[in-house]
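Shown next, in C-alpha cells, is the structure this report addresses.
Values in this text are rule-based calculations from the coordinates and carry no lab data. Here the structure is a predicted model, which means the values were calculated and not measured. Counting neighbours? That spans all protein chains shown, and the Cβs are built from the backbone with ideal geometry, glycine included.
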Amino acid sequence: MYLNINEKEQIQEEIKTLETKSSAELVAVITKYSSSYRFETLVFSLLISVFISIILLFADIDTIKFFQIQVLSFFALFFLTSGFKKILLTFLPKKYKYEKASINAKKEFYNLGIKDTKTKLGIMFYVSIEEKYVEIITDTGIKSKISDNYWQDIVNEFIKDVKNNQFSIGYKKAIKECSETLIKSFPIQENDKNELSNEVIEL
C-alpha cells in the first residue's frame, strides 16, 4: 500500500465533493513503478560485466576463472538490480524514466475504462512513485474546453509533493486547484451518472 486507509478516504472525499458539482469524472491512480525495466536491467548488467571483464584483463588469472567471474558478476548484478529497481533508476536519465511513465499512464487510461465514459469527461491523475512522475490525462470532452497546457502548472506542484513522498497532499491540492475550473466548464447535469469509481486505484 502506498497510501493508508485514511489518506485514501480523504482523496476519495475530495473527488466525491467535486463530482457533486461537476460532470467531470476524476480517477486517482498511483503505482510504484511504471515499468518492469527488464530490458534495462539486462543491458545494465551486461555493461557492468563488460567493465569488470576489461579490468580483469590486467589481472593475472587463468581463462576458466576469468569466465567464472564474468558469469557470476553478470548474474549477481542482474538479480540485484531486478530486486532493487531503485539502484537501476539512479543510473537512468530523467527524460527516459518520464517517457516510460508517460507510456504506462496512457495505457492505464485505456485499461481502466476512463476513455469509455459516455460524456467523454474522464480525467486521470496518475502518479508513478519511483520515477517521481505525475501526469494528468483528459478525455476529448475535457480537452474541448480546457487545454492540456492548463494542467501543467498543477502537475509541476504535484511533482514537488511526490518528491517529498506526500502523495495524499499532492492529490488533494491538485483536485482543489482544478475544481473551480471544472465546475465552471462542466457543471453538474440533472441526469448525471457517476460512471467511474471514486476509489484510489493502486497498481
Original post:
Quick one: would you say ILE129 is without any contact (Cβ under 8 Å) to a residue 60 or more places away in the chain, closer than 30 Å to ASN6 by Cβ and of a type in the set (A, V, I, L, M)?
Top reply: no
**OP:** Of the numbered conditions (1) surrounded by fewer than 12 Cβ atoms within 10 Å (Cβ to Cβ); (2) not in a loop (DSSP other than H, G, I, E, B), SER36 fails exactly one; give the number of that condition.
**Re:** (2)
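If you take the residues of the stretch 179-203 that are farther than 18 Å from MET124 by Cβ and part of a helix (DSSP H, G or I), which of them is farthest from the chain's Cα centre (by Cα)?
If we take residues in the stretch 179-203 being farther than 18 Å from MET124 by Cβ and part of a helix (DSSP H, G or I), then LYS184 is farthest from the chain's Cα centre (by Cα).
Could you check the stretch 132-178 and list, in sequence order, the residues that are outside any helix (DSSP H, G or I), surrounded by 21 or more Cβ atoms within 10 Å (Cβ to Cβ) and among the polar types (S, T, N, Q)? Before the answer, list the steps.
First, the residues of the stretch 132-178 that are outside any helix (DSSP H, G or I): 132-139, 144-147, 164-166.
Imposing the further condition that a residue be surrounded by 21 or more Cβ atoms within 10 Å (Cβ to Cβ) reduces the set to 133-135, 137-138.
Residue satisfying the conditions is THR138 alone.
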Original post:
Of the residues that sit in the stretch 70-113 and are part of a helix (DSSP H, G or I) and of a type in the set (Ser, Thr, Tyr), which one is nearest to ALA59 (Cα to Cα)?
Top reply: SER73
**OP:** Enumerate the pairs (first residue in the stretch 55-72 and closer than 17 Å to PHE44 by Cα; second residue anywhere and not in a helix (DSSP H, G or I)) with beta-carbon separation below 9 Å, excluding pairs fewer than 6 apart on the same chain, so at least 6 apart or on different chains.
**Re:** ILE69/ILE61
**OP:** Being in contact (Cβ under 8 Å) with a residue 24 or more places away in the chain and in contact with a helix residue (DSSP H, G or I) (Cβ under 8 Å, 6 or more places away or on another chain) is the filter; apply it to the stretch 86-107 and report the residue that is surrounded by the fewest Cβ atoms within 10 Å (Cβ to Cβ).
**Re:** PHE91
**OP:** Keeping to the stretch 179-203, report how many residues are free of Cβ contacts under 8 Å to residues at least 60 places away in the same chain and crowded, with 19+ Cβ neighbours inside 10 Å.
**Re:** 0
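Considering ASN149, ASN165, which residue is on the phi > 0 side of the Ramachandran plot and of a type outside the set (Val, Ile, Thr)?
The unique qualifying residue is ASN165.
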